[in-house]
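The values are calculated or read from the model by the stated rules, or taken from the named source; none is laboratory data. Keep in mind it's a predicted model, so treat the numbers as computed, not measured. Counting neighbours? That spans all protein chains shown, and the Cβs are built from the backbone with ideal geometry, glycine included.
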Amino acid sequence: MELFFSPLACSMATRITLDEAERTARFVAVDPRTKLTEDGDDFRQLNPLGLVPTLRTDDGELLTENAAILQYIAQGSTLAPDSGIAHVRLQQWLCFIGTELHKGLFTPLLDKSAAEQVKSYAMDHAASRLRVLESHLSAREYLLDRFSVADAYLFTVLNWAQATRVDLRPYPALYAYVLRLRERPSIKRALAVELPLYLREKG
Ligand SMILES: N[C@@H](CCC(=O)N[C@@H](CS)C(=O)NCC(=O)O)C(=O)O
């Protein structure tokens with residue numbers, strides 16, 4: 001498998017999941033500005049949107065979209081329940097993270113070209129979304145009954161808060177969740193690899 005990623009981007013959830021599932025892949029960095037891979041190839045030839053994560057499977061299939069890639073890697077493991085209500089809850093959380101948090105909140109806040117009005121519109125919806133998580137996590141350790149790919153994705157997205165005006169401290173259960181997951185070995189290893197790459201890329 002080959003994972004096309006950019007440091008600390010949403011593709012970090014895939015790195016965490018590969019580690020949790022004890023699966024290996026070749027990691028190929030994509031420069032988000034030039035859209036060139038570290039091999040010097042034009043990433044848009046693989047994914048016309050130029051978005052990470054993109055995964056090339058051992059069978060040569062090209063997969064895009066976090067929710068699909070995470071579940072592909074976690075197939076057959078407890079990281080992604082594939083039947084019953086737990087499967088439906090997993091879809092619920094992956095959709096919530098991908099739409100309400102990733103694209104709805106953090107993408108405009110992190111986009112240097114987004115106008116202030118766009119950022120403040122996104123912020124208008126932040127508290128209600130974060131309260132949903134606060135309420136859910138105040139009674140549980142993970143989004144589902146045990147660590148799943150949804151936690152890998154949620155951690156990755158909430159990790160961006162420190163680069164934005166989103167403050168997680170008024171949400172004690174959510175804040176504790178992030179601090180707890182930061183100590184999880186797979187997440188520690190992912191951050192140890194990707195943070196230096198991110199800092200180098202930022203110059
Ligand atoms: N819908 C896609 C979104 C992926 C996405 O937004 N990736 C970001 C990094 S977190 C990206 O590659 N951004 C580069 C760009 O917008 O040019 C998914 O869920 O995988």
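Values computed for the structure shown
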| quantity | calculated |
| --- | --- |
| Every residue from the stretch 118-143 that is assigned to a loop (DSSP other than H, G, I, E, B) and touching a helix residue (DSSP H, G or I) at 6+ places or on another chain (Cβ under 6 Å) | SER138, TYR142, LEU143 |
| Test: residue in the stretch 173-192 that is part of a loop (DSSP other than H, G, I, E, B), touching a helix residue (DSSP H, G or I) at 6+ places or on another chain (Cβ under 7 Å) and touching a residue at least 40 places away in the same chain (Cβ under 8 Å) | no |
| Matching entry among LEU94, LEU49 (being within 16 Å of the ligand (Cβ to nearest atom), more than 22 Å from ASN159 (Cβ to Cβ) and modelled with pLDDT of 95 or more) | LEU49 |
| Failed item in (1) modelled with pLDDT under 95; (2) within 16 Å of the ligand (Cβ to nearest atom), with GLY76 passing the rest | (2) |
| Any hit, the stretch 58-68, residues being assigned to a loop (DSSP other than H, G, I, E, B), touching a Pro at 6+ places or on another chain (Cβ under 9 Å) and of a type in the set (Asp, Glu) | yes |
| Some residue of the stretch 20-31 being within 15 Å of the ligand (Cβ to nearest atom), in a loop (DSSP other than H, G, I, E, B) and touching an Asp or Glu at 6+ places or on another chain (Cβ under 9 Å) | yes |
